[in-house]
1. Report ³J(HN,Hα) in whole Hz for each residue of the range 169-184, in order, from the Karplus equation J = 6.51 cos²θ - 1.76 cosθ + 1.60 where θ = phi - 60°; Gly and Pro get x.
2. So what is the calculated 222 nm ellipticity per residue for the chain, using -39500 (n - 2.57) for each DSSP H run with n of 4 or more, over all residues, to the nearest 500 deg cm²/dmol?
3. Pull up all non-local amide H partners of residue 44: gap of 5 or more, or a different chain, and H-to-H distance under 5 Å with H placed in the peptide plane.
4. State in Å² the accessible area per residue of the chain; use a 1.4 Å probe, count heavy atoms of protein chains only, and round to the nearest integer.
5. For the range 134-248, what is the charge dipole size about the Cα centre, in debye to the nearest 20, if Lys and Arg each add +1 at the Cβ and Asp and Glu each add -1 at the Cβ?
6. Let me spell out the model: positive unit charges on the Cβ of Lys and Arg, negative unit charges on the Cβ of Asp and Glu, origin at the Cα centre of the chain. What dipole size does that give, in debye rounded to 20?
7. For the range 1-122, what class follows from the C-alpha gyration tensor (a ≥ b ≥ c being the square roots of its eigenvalues): rounded when a/c is under 1.5, otherwise prolate if a/b is larger than b/c, else oblate?
8. Could you tell me the distance between the Cα centroids of the range 81-105 and the range 3-53, to the nearest Å?
Amino acid sequence: MYSWDGPLPEAHVRTVADMAGVLAAPEAAGEDPGRPLYFMYRDLAKTPDEHSWLADHALRYDMTVIPAGHVGPEFVKTKGHFHPANPAGIGYPEVYEVLAGKAHFLLQTRDASDVVLVEAVAGDVVVIPPGYGHVTINPGAEALALANIVSTAFESDYTQYVAMQGAAYYEMADGSLVRNPRYRTAALLRLAVPAPVEAFCVAHGAPLSSLVGNESCLGYLTNPEGYAPEFTACLRDLAVRTVCARTP
């Protein structure tokens with residue numbers, strides 16, 4: 001599946017009902033609450049040795065498949081979460097690879113003083129910097145498949161996204177971006193693309209799975225405190241995008 005040739009466990013499924021608290025139109029959750037929206041395959045490894053290496057380094061390799069479509073007026077998306085800080089006080093980062101389809105990664109700081117939409121296509125690798133929560137949106141006409149590697153030293157925090165009924169912006173199925181009115185001081189949306197960073201060993205077309213076993217390439221996921229310049233360079237700004245100011 002999507003170039004993965006190792007064992008594949010049963011998927012964790014997130015349904016429309018599971019997403020009710022973060023939708024632009026929560027009433028849409030009542031129309032088909034049991035409908036699967038996306039599928040998460042966690043803790044993958046191609047061999048027992050790879051699985052042991054990941055576990056020994058407190059890392060996990062996952063895949064997510066997000067079918068095309070919409071829920072009410074907006075594109076299908078993930079629920080959204082933040083990562084807590086590591087023992088050094090720096091938020092845990094995460095790295096994603098787009099395996100198939102087109103992705104919009106919507107990143108934001110907790111106070112929404114910086115909100116970034118990262119556009120990525122198959123072969124792109126996107127690093128989520130410390131301190132940023134993220135939602136992944138499928139704006140395309142085909143299924144979006146992603147791989148990611150993340151530390152296992154924490155649990156994702158969904159609290160803010162549920163409390164605020166989603167991210168600072170919603171991406172509607174007509175392509176418009178709509179400000180979430182619960183964020184009174186959200187920044188204008190910045191448009192960015194992933195940039196290769198040598199220290200992270202990421203570049204277009206370089207599969208994440210090939211980095212399993214390479215501590216020098218993945219150490220930033222558990223010890224991000226030594227990589228501040230690299231995190232600053234991992235996204236390249238394109239522009240400030242004008243967004244629709246109407247409320248959903």
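The values are calculated or read from the model by the stated rules, or taken from the named source; none is laboratory data. Treat the numbers as computed from the prediction; the structure is a model and nothing was measured. A quick note on method: Cβ atoms are made from the backbone with ideal geometry, for glycine too, and the neighbour counts reach across all protein chains shown. Ligands, DNA and RNA are excluded from the accessible area calculation, which covers all protein heavy atoms including side chains. Shrake-Rupley method; radii C 1.70, N 1.55, O 1.52, S 1.80 Å.
1. Calculated HN-Hα couplings, in order: 9, 10, 9, 7, 5, 8, x, 7, 10, 10, 5, 6, x, 6, 9, 6 Hz.
2. One gets -2000 deg cm²/dmol as the mean residue ellipticity at 222 nm.
3. Amide H neighbours of residue 44, under 5 Å, 5+ apart: 61, 62.
4. 42
5. With Lys and Arg at +1 and Asp and Glu at -1, about 640 debye.
6. 820
7. It is oblate, given that a/c is not under 1.5 and a/b is not larger than b/c.
8. Centre-to-centre (Cα) distance: 16 Å.
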